[in-house]
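Some notes on the structure that comes next.
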Amino acid sequence: MTNEKPVEFSKEEWLLHLENLHIQRGDMNRLIMDYLVTEGFKEAAQKFKLESGIQPSVELDTLDERIKIRDAIQHGRIQEAIAMVNKLHPELLDTDHLLHFHLQQQHLIELIRLKNVEEALEFAQSHLAERGELDSDILHELERTLALLAFEDPENSPFGELLHPSQRQKVASELNASILETENRDSSPNLSNVLKLLLWAQNELDNKKIKYPKMTDFANGAIDAPSK
């Protein structure tokens, strides 16, 4: 059995190869527009349309309802968001039980944030307790949420991430994707799919023991030299 030397690329070779790849500006602009439309960034999409000349795949006015729902969740107005969803797609929350739970859980979180302890306990008992009895995963999430009540400073408790703005964003993104699926539209931006492909390719190279410059900071596009 021969010991083959692993394939290795220097950072300089890798970057030179990337520089020689020619990607059409129009393709990049379409990726950006698709992301803005899918995520519901109407104002940014309007400005980008003027700057790039790229036409969105849908009329931008059709984003209005999703934007209102997203904004309501990001500002903690969960019951308002649920009412808008029921008006827009009456059967959505009846069929997507996990999404409905996450919205109700977020409302419970908002009550705890406002220190409405009695109302939070009453809401949990009347709307969420039965769901927890039927599903162990939901019960676990419900217990984590109610555990916030045990701390004087819940933001700095072991469950404090539930009170972070990213939790609202997580729920808003889940709801946005579900609405798009209901409307038979792509629920994930093409840009996200490109990122997933990059992660998959790097994982394949890692499994084959190939040394290559690895992208470790996706937000800034930072590439680290291969380890020795």
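Please give me the summed charge of the neighbours of L139: other residues whose Cβ is under 13 Å from its Cβ, Lys and Arg +1, Asp and Glu -1. After counting each charged neighbour, the total is -4. Mind checking region 49-122 for GluC sites (Glu not before Pro) that DSSP puts in a loop (not H, G, I, E or B) and that have at most 15 other Cβ atoms within 10 Å? Those satisfying the criteria are E59, E91.
For the chain, the mean residue ellipticity at 222 nm estimated from helices alone is -18500 deg cm²/dmol, where every DSSP H run of n ≥ 4 contributes -39500 (n - 2.57) and the total is divided by all residues, rounded to the nearest 500. Accessible surface for region 84-131, divided over its residues, is 56 Å² per residue with a 1.4 Å probe. For the chain, with all protein chains in place and a probe radius of 1.4 Å, 53% of the accessible heavy-atom surface sits on carbon or sulfur.
Pairs over the 20 Å Cα-Cα cut-off, from the set K47/K170; K49/K196; K115/K170; K47/K87; K11/K209; K11/K208: K47/K170; K49/K196; K115/K170; K47/K87.
For K214, nonlocal amide neighbours, meaning residues 5 or more places apart or on other chains whose placed amide H falls under 5 Å from its own, are D224.
Over all other residues within a Cβ to Cβ distance under 12 Å of A129, the charged ones net out to -4, with Lys and Arg as +1 and Asp and Glu as -1.
The values are calculated or read from the model by the stated rules, or taken from the named source; none is laboratory data. Given the structure is predicted, the values throughout are model-derived calculations rather than measurements. Note that each Cβ is placed from the backbone with ideal geometry, even for glycine, and that neighbours are counted across all protein chains shown. Side chains are part of the model used for accessible areas, which takes the heavy atoms of the whole protein and leaves out ligands, DNA and RNA. Shrake-Rupley method; radii C 1.70, N 1.55, O 1.52, S 1.80 Å.
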